[in-house]
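Student: Below is a structure I'd like to ask you about.
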Amino acid sequence: MLVLEDVHVYYGAIHALKGISLQVNQGEIVTLIGSNGAGKSTSLKTISGLLRPKQGKISFNGEDLSKIPPQKIVAKGISQVPEGRRIFANMTVSENLDMGAYLRKDKSGIKQDVERVFELFPRLKERKSQVAGTLSGGEQQMLAMGRALMSRPQLLLLDEPSMGLAPILVKQIFTIIQEINAQGTTILLVEQNAHMALSIANRAYVLETGKIALGGQAQDLAASEDVRKAYLGG
Ligand code: ATP
């Protein structure tokens, strides 16, 4: 479904991605783990078109994404939940969800999808008229995910959904990620919480200073001595 081949990305003189190759197949949950500054967010921003590779190739369902603007990439079926959520703080929960569907014109489909989001996140339904900036951190994460789902993505890119959340909420969010996947959405998940990410993923890649250091079945990586030492606390 998604293929990156030898992707290089720079911020000015900083060489942030140094030839990344990875693949996400339809139906999978794939996770990209690695320490601070390894290039995880940069990888997602490059896939969603916010950053452009200087070298290398990105294709989605066989189509080259490298010259397609971000909003067209959304229309092709890729939606990103950015790090730090970036919800519209002054709008209500419902208005935020509507914004996620801004490229769509099928009113009845949109209505159905709002209901689907409310089924996944009953909390949001209770708070649909609340101004989003007053939601808790966990609720904002739910809203950011709900908003991303409103474009009916084939591939959902999640950037550190567990960031800043209490352990019980992290568990809840990860359960919902599995549910979204079970309903047919392919997922690429960036996480610093390697333990949780590996526990729900099919496959995983370890990113170290802009390069893929390891890749394989998530359960094999979770069992690997090197990964345990570096990312799972021994
Ligand atoms: P984190 O979990 O801390 O967000 P990450 O793995 O997502 O880490 P990136 O944010 O992708 O890492 O950063 C990769 C590298 O690119 C880092 O060295 C970072 O300092 C650098 N970088 C990121 N954004 C910019 C920017 N806007 N300008 C310059 N350098 C940047």
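The values are calculated or read from the model by the stated rules, or taken from the named source; none is laboratory data. These numbers were taken from a predicted model, which means no experiment stands behind them. Every residue, glycine as well, gets a Cβ built from its backbone with ideal geometry; the counts of neighbours run over all protein chains shown. Surface accessibility is based on the protein's heavy atoms, side chains included, excluding ligands, DNA and RNA. Shrake-Rupley method; radii C 1.70, N 1.55, O 1.52, S 1.80 Å.
Student: Does G137 satisfy the condition of being surrounded by fewer than 20 Cβ atoms within 10 Å (Cβ to Cβ) and more than 22 Å from S43 (Cβ to Cβ)?
Tutor: Working: surrounded by fewer than 20 Cβ atoms within 10 Å (Cβ to Cβ): yes; more than 22 Å from S43 (Cβ to Cβ): yes.
Against the criterion (surrounded by fewer than 20 Cβ atoms within 10 Å (Cβ to Cβ) and more than 22 Å from S43 (Cβ to Cβ)), G137 qualifies.
Student: Same structure again: Against the definition (surrounded by fewer than 15 Cβ atoms within 10 Å (Cβ to Cβ), hydrophobic (A, V, I, L, M, F, W, C) and in contact (Cβ under 8 Å) with a residue 24 or more places away in the chain), how does A166 come out, yes or no?
Tutor: Yes; evaluated as a whole, the condition is true for this residue.
Conditions tested, residue by residue: (1) open to solvent by 10 Å² or more (accessible area, probe 1.4 Å); (2) among the β-branched types (V, I, T); (3) over 18 Å from I20 (Cβ atoms).
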| site | (1), (2), (3) |
| --- | --- |
| M150 | no, no, yes |
| I176 | yes, yes, yes |
| I180 | no, yes, yes |
| Q183 | yes, no, yes |
| G210 | no, no, no |
| A213 | yes, no, no |
| A223 | yes, no, yes |
| D226 | yes, no, yes |
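Student: From L188, L155, grab the single residue that is surrounded by 22 or more Cβ atoms within 10 Å (Cβ to Cβ), more than 16 Å from the ligand (Cβ to nearest atom) and within 21 Å of G27 (Cα to Cα).
Tutor: Numbers: L188 fails: more than 16 Å from the ligand (Cβ to nearest atom).
Only one candidate qualifies: L155.
Student: Here is a follow-up. If I go through the range 5-21 residue by residue, how many of them are away from the ligand (no atom under 12 Å from the Cβ) and either in contact with a helix residue (DSSP H, G or I) (Cβ under 8 Å, 6 or more places away or on another chain) or over 16 Å from K57 (Cβ atoms) (or both)? Talk me through it step by step, then tell me what you get.
Tutor: Residues of the range 5-21 that are away from the ligand (no atom under 12 Å from the Cβ), as a first pass: 5-8, 19, 21.
Filter again for either in contact with a helix residue (DSSP H, G or I) (Cβ under 8 Å, 6 or more places away or on another chain) or over 16 Å from K57 (Cβ atoms) (or both), leaving 7.
So the answer is 1.
Student: Something else about it: Regarding the range 216-229, can at least one residue be identified that is without any contact (Cβ under 8 Å) to a residue 40 or more places away in the chain, under 24 Å from A101 (Cα atoms) and part of a helix (DSSP H, G or I)?
Tutor: No, the conditions are met nowhere in the range 216-229.
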